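Written below as structure tokens is the structure these notes are about.
Taken together, the values in this text are just the output of simple stated rules run on the coordinates, not laboratory data. Quick caveat, the model's predicted, so the values are computed rather than measured. With ideal geometry, Cβ positions are generated from the backbone for all residues, glycine too; neighbour counts draw on all protein chains shown.
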Amino acid sequence: MSNPDTDGLSSDLSVYAARLVRLVRREHAPSAGSRVLSILDELGPLGITALAQVDRCSQPTMTGQVRQLVETDWVTKTPHPTDARSSLVDLTDAGRAELRRIRRLSAALVTERLARRTDLSLDDLATAVAVLQAVVEPSSEGIS
């Protein structure tokens, strides 16, 4: 599917997706550690080293973030079932509630901005969501 038009639009998609994330962060300053909550929501329980790798930060930085999230009761640390030297970090119900709150704020911001755009339809929004979902969660269709 690669051609100059596809490459340019793919670049634009990446740029605007990143700008949307930054806009949301500027407008309602999600809580510290919201990335960690999102990672755990997406991937399930992880060790601190794996969390640091996914978040592309150092292990000491992730250790500090996890410590703060444990103190706020948004995550738990439990012994790793197969490695006694490490632990697993997982979301608590309070952490899931915080993530829902952040996502509601993000949705409200996007909804507000879309309401000002009479040139865009619900179908346009559905297409944008479908494209982003397909890029983030590629199907195995066509892969041998």
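Filtering LEU109, LEU105 for residues that are in a helix (DSSP H, G or I), within 26 Å of SER10 (Cα to Cα) and in contact (Cβ under 8 Å) with a residue 60 or more places away in the chain leaves a single hit, LEU109.
Surrounded by 15 or more Cβ atoms within 10 Å (Cβ to Cβ) and farther than 27 Å from LEU20 by Cα, is that true of GLY47? Answer is yes for this residue. Taking residues in the stretch 115-127 that are without any contact (Cβ under 8 Å) to a residue 40 or more places away in the chain and over 18 Å from LEU13 (Cα atoms), and partners anywhere that are surrounded by 11 or more Cβ atoms within 10 Å (Cβ to Cβ) and of a type outside the set (Ser, Thr, Tyr), the pairs with Cβ atoms closer than 9 Å and at least 6 places apart or on different chains are ARG117/ASP124. Only one of the listed residues (VAL54, VAL75) is farther than 27 Å from SER10 by Cα, aliphatic (A, V, I, L, M) and surrounded by 14 or more Cβ atoms within 10 Å (Cβ to Cβ). That residue is VAL75. When the stretch 31-65 is filtered for residues that are at negative phi and part of a loop (DSSP other than H, G, I, E, B), the ones remaining, listed by number, are SER31, ALA32, PRO45, GLY47, CYS57, SER58.
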